[in-house]
Amino acid sequence: MTHRIVSVFGTRPEAIKMAPLVNAIDNSRNLDSSVVVTAQHREMLDQVLELFQIKPDKDLDVMKKRQSLSEITTNVLLKMDEVISSEKPDLLLVHGDTSTTFTAALSAYYNKVPIGHVEAGLRTGDKYAPFPEEMNRNLVGSLADLHFAPTVGARDNLLSEGIPTDNIFVTGNTVVDALKTSVQSDYKFSDEKLANLALPSLTSDNDTKLVTLEVHRRENLGEPIENIFKGVKKLVDDFPEIFVLFPVHRNPAVREPAERILGNHERIILTDPLATRDFHNLIARSYMILTDSGGIQEEAPSFGVPVLVLRNKTERIEGLRQGTILLTGNETDRVYKDASRLLTDGEFYNTMKNRQNPYGDGNASKRIVDAIDYFFKNIDTRPKDYLVTGQD
Ligand code: UD1
Ligand code: UDP
């Protein structure tokens, strides 16, 4: 018997991490796939849909300039009843911790549709960090029937909250599935600015050092983001061998200070958000990455590139334990100090450069499809959890 799986997502990171799963559901024997995008993001979502050639069955087109959390939540909620009645899901899949994730899950609950949560169980334990993502994933954790935890640590968080062990599957993170084919040594960048730059090569030691910057989190907007940018500016001024590439998020609250503080510097290049394949090839060529992004913390270890996390707390603790990421925070002096240490202390740099990715092996989507088949009794054997050493 075929079961109808409706995947709902709306932002860039959800799309990148759901794309391999949508593909795997499409190719499965017993599951029928439908994709609904809320378009909480517009241009940045469309870039990913184009890359993975996903044509949504429904597009709720909710994005507004400078949208508030309440606006996104109410607009998505009001449109979801109609989606559920026309799409008739046997299971509704959401990903991660965005406003789209929480609202789509709430709507599925109101309509008594079972919910599968991809990338379940990430926690910092602080309801305001990251804000509002920590509460979004907590709330979805309470609503979901199936929890696809990327790591053993995420599973343990769910168990400690009383989620039954039978409902949790440790799968790895689908972000690693999405990385499989993107990085190539002779890659041609589609972004015009990047295509015309002499970027460092993947293989040899390079005299010029590329630093990739990506900052957009709500809790960093305002003074913290200005402080981060000031630290980066001082770094570039003091180290002539580096240049910084910053694909600036479309949020005007990021763009304005970025252009004001970092614009018009010969070794700081500001671009529009990059197509994901360009971005993967960029980080693979980077000496280090400075970011508050969640997804980038999970991608960078695949390339052995150290990450300074521009937040005070992270839920990606596996990278912290392994030493591939460092919690730098958002103060000017600390940003400067940690980054300059990576540039001057070779031993320190080499301890952070680690090629083992604790977040997955590229087969998370397959495990999730198997878990869904098991849930619907299409297969008898429960899929094995993804257990790697060094996760806990
Ligand atoms: C959201 C997610 C966050 C994720 C981030 C990814 C929530 C609560 N947070 O952040 O977890 O890390 O997306 O980027 O859902 N904008 C455009 N064009 C676009 C995308 C955004 O103009 O393609 C503008 C929007 O109009 C909006 C602003 O950027 O005003 C921020 O977008 P929004 O989805 O509200 O982002 P966050 O909530 O900050
Ligand atoms: N990314 C991208 N283009 C860019 C910057 C980032 O495609 O210019 C990708 C990146 O590879 C990662 C994802 O966006 O997979 C992370 O999304 P984001 O940082 O917006 O959100 P978060 O992960 O913090 O929720």
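Of note:
- For the chain, taking Cα atoms only, Rg and Dmax work out to 20.5, 64 Å respectively.
- Ellipticity estimate at 222 nm from DSSP helix runs (n ≥ 4, -39,500 (n - 2.57)) divided over the chain, nearest 500: -12000 deg cm²/dmol
- A Gaussian network model of the chain, with springs between Cα atoms under 10 Å, assigns the largest mean-square fluctuation among 380, 126, 59 to 380.
- Distance between modelled label sites at residue 77 and residue 181, nm, 7 Å Cα→Cβ extension: 4.1
- Label point of residue 347 set 7 angstrom out along Cα-Cβ; within segment 299-333, no amide nitrogen lies under 13 Å from it.
- Packing rank of 102-111, 186-195, 252-261, 290-299, where each peptide gets the mean count of other beta carbons within 10 Å, highest leading: 290-299, 102-111, 252-261, 186-195
- Counting only DSSP beta bridges whose two residues both lie in segment 106-244, roughly 10 percent are antiparallel.
- Inter-site label distance for residue 271 and residue 321 at 7 Å from Cα along Cβ, in nm: 3.5
- Residue among 240, 13, 273 with the largest mean-square fluctuation in a Gaussian network model of the chain, springs linking Cα atoms under 10 Å: 240
- Estimated at 0.36 nm per residue, the fully extended path between residue 250 and residue 159 surpasses their Cα-Cα distance by 29.0 nm.
- Two-site label geometry, residue 337 and residue 70: point separation in nm, points 7 Å out along Cα→Cβ: 4.0
- The magnitude of the dipole of segment 36-100, with charges of +1 and -1 set on the Cβ of Lys/Arg and Asp/Glu and taken from the Cα centre, is near 220 debye.
- The ranking of 267, 123 by Cβ neighbour count inside 10 Å, starting from the fewest, reads 267, 123.
- For segment 273-392, the spread of Cα positions along each principal axis, largest first, Å: 56, 33, 24
We did not get these values from a lab; they are worked out from the coordinates using the rules stated. Note that the structure is a prediction, hence the values are computed from the model and not measured. Using ideal geometry, Cβ is built from the backbone for each residue, glycine included, and neighbour counts are taken over all protein chains shown.
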